[in-house]
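K.L.:
Just passing along the structure, written as structure tokens.
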Amino acid sequence: MLSLLDQLPTLCDGISRREWMRIGGVGLGGLTMPALAAAREASTSSIAPTAKRVILFGLTGGAPQHETWDPKPLAPANIRGEFGAISSSTPGLHVGELMPRTATWANRLAVLRAVVTGDNSHSSSGYQMLTGVPHQPLNRESAPPKPPNNWPCVGALVRALRQEPGRLPAAVTLPEHIWNDGNFPWPGQDAGFLGHPHDPWLIHCQPQDNTFNVPGLTLDKNIPGVRLDRRRRLLEQFDTARSQLDAAPAVSSYQLHARQALDLLTRGQAGSAFDIGQESDKTRDRYGRSRYAQSVLLARRLVERDVSLVQLNWTRIKGKPNQGGWDTHSTHCQALKSFLMPMMDQAFTALLEDLEQRGLLDETLVVWQGEFGHTPKINAKAGRDHWGNCFSVALAGGGIRGGAVHGSSDKHAAFPVDGVVRPRDIISTVFHCLGYGSETVVHDPLDRPIPISRGRVIHEIL
């Protein structure tokens, strides 16, 4: 068993010198072949899965802990805010009054009230939430995704672990990438050093309008369907003539991606998954007609077709305070009450209800998280600022023990009191639910073993 400890000095592949010496018995003979074989064997480490798929709510800007999962009704007004707390279906658990629908599902949810990144910048704290690895350095906004901050995101790891024999990739991101002002993409949204073949599929879409754009795969409006079909037949002829070359892994991988792309363009099995117009008006209304709400409905359609992980990034809304996001530096309470919490409360519970009715909730892990929380004190602009020192995350579905509350914060929801959870622990728990043990590794392009997480599985909520 590897004992990969974060505190030790690490090599460029993330494994400490001490660990390499322990694994390989470094001496005159160097790193031994049995040790390398053992590391390779660890890549198949698995446990009985409780979840077949994951839907990850990425609430860009950070959902505030005070008005959601950790209200402080006895705190001073400049701490507790304008809203009170309501009881939930879990005895003793109170949640913010702006989530009445979610409160009724609390007995199916587990709440983490002491999540910590120690980072107050959107993109670097977000990098940690998506990869489980702290950004270097912390508190660095709009840092480019390059070494040493190019660890693979959880979706990329899923693609590296799972076979994709079908027409859809194992991981999809909707409805756009996460970016800071100036369209600076956050690091930690792709496969990083694992290589682009493992990138989650990023689908830019407006599902409320039934429009989709897969970057680099959108069919040009000047290419009619007949012409595309001719091109596909020509490609098939070349493929037949190159059967020996086709056996090469790199070529096989390319062909899979080509088939996936063509199927999406021609509205085959993959394309039909994105045809949200097949849903009834009643179902679409139940989720809500916003871009994000319809993306949540689209996520349900994708996991029904065996997509292993769908990440839902909150999108900005023109004309709304704070650009329509959760980064509520001003008019915090107004934004929460007028649109943020009603949209989230409706879409989140519609998904849980939909999955339950279809018999999918017990095998689908649903995660509600942002990149951090918000400051205890309300600022001079009636807003809350960034806070990575203590915030909340909620999970439901596959493998999660409903009604569980792990960790607690102080009287102002400012710092943890007990049960601290790090992003790497959440990622370890996600993979545990998917059936991947703590020793599981993936291999980078140089065939070096990379652990999927160095976190602790949160058994208290399983």
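K.L.:
Inside the range 412-439, can you point out the residues that are touching a helix residue (DSSP H, G or I) at 6+ places or on another chain (Cβ under 7 Å), at pLDDT 95 or above and not in a helix (DSSP H, G or I)?
P.N.:
Passing the criteria: HIS412, TYR436.
K.L.:
Among the residues of the range 373-382, is there at least one that is crowded, with 24+ Cβ neighbours inside 10 Å and within 19 Å of the chain's Cα centre (by Cα)?
P.N.:
yes
K.L.:
Moving on. For the range 442-457, give me the residue count where each residue is within 19 Å of the chain's Cα centre (by Cα), more than 15 Å from ALA48 (Cβ to Cβ) and not hydroxyl-bearing (Ser, Thr, Tyr).
P.N.:
6
K.L.:
Can you go through ARG162, ARG167 and tell me which one is in the same structural domain as LEU302 (by TED's automatic domain parsing), under 18 Å from HIS443 (Cβ atoms) and among the charged types (D, E, K, R)?
P.N.:
ARG162
K.L.:
Scan GLY402, GLY359 and give me the residue that is in contact with a helix residue (DSSP H, G or I) (Cβ under 6 Å, 6 or more places away or on another chain), in the same structural domain as GLN294 (by TED's automatic domain parsing) and either outside any helix (DSSP H, G or I) or surrounded by 21 or more Cβ atoms within 10 Å (Cβ to Cβ) (or both).
P.N.:
GLY402
Residue-wise test of (1) of a type in the set (Asp, Glu); (2) assigned to a loop (DSSP other than H, G, I, E, B); (3) closer than 12 Å to LEU302 by Cβ.
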position: LEU168; (1), (2), (3): no, yes, yes
position: THR173; (1), (2), (3): no, no, yes
position: GLU176; (1), (2), (3): yes, yes, no
position: GLY182; (1), (2), (3): no, yes, no
position: PRO187; (1), (2), (3): no, yes, no
position: PHE193; (1), (2), (3): no, no, no
position: CYS205; (1), (2), (3): no, no, yes
position: GLN208; (1), (2), (3): no, no, no
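K.L.:
Right, another one. May I ask you to say which residue of PRO100, PRO73, PRO64, PRO91 is crowded, with 23+ Cβ neighbours inside 10 Å and assigned by TED's automatic domain parsing to the domain that holds GLY435?
P.N.:
Result of the check over PRO100, PRO73, PRO64, PRO91: PRO64.
K.L.:
Say whether the condition of being surrounded by fewer than 20 Cβ atoms within 10 Å (Cβ to Cβ), closer than 19 Å to PRO169 by Cβ and polar (S, T, N, Q) is met by at least one residue in the range 268-291.
P.N.:
Yes, that holds for at least one residue.
K.L.:
Quick check, is PRO197 of a type outside the set (Ser, Thr, Tyr), outside any strand (DSSP E or B) and at pLDDT 60 or above?
P.N.:
Yes, satisfied.
K.L.:
For the range 165-178, give me each residue that is surrounded by fewer than 20 Cβ atoms within 10 Å (Cβ to Cβ) and at pLDDT below 95.
P.N.:
Across the range 165-178, the qualifying residues are PRO165, GLY166.
K.L.:
Return the pair list, or none, for Cβ contacts closer than 8 Å from residues in the range 433-449 that are in contact (Cβ under 8 Å) with a residue 12 or more places away in the chain and under 26 Å from LEU56 (Cα atoms) to residues that are crowded, with 22+ Cβ neighbours inside 10 Å and among the aromatic types (Phe, Trp, Tyr), at least 6 apart or on different chains.
P.N.:
Correct list of pairs: THR440/PHE431.
K.L.:
Moving on to the next point. Just checking: which of the helices (runs of 4 or more DSSP H) contained wholly in the range 58-160 hold 1 or more residues that are more than 22 Å from the chain's Cα centre (by Cα) and among the polar types (S, T, N, Q)?
P.N.:
The helices (runs of 4 or more DSSP H) meeting that bar are 77-80.
The values are calculated or read from the model by the stated rules, or taken from the named source; none is laboratory data. All values reported here derive from a predicted model rather than from experimental measurement. Note that each Cβ is placed from the backbone with ideal geometry, even for glycine, and that neighbours are counted across all protein chains shown.
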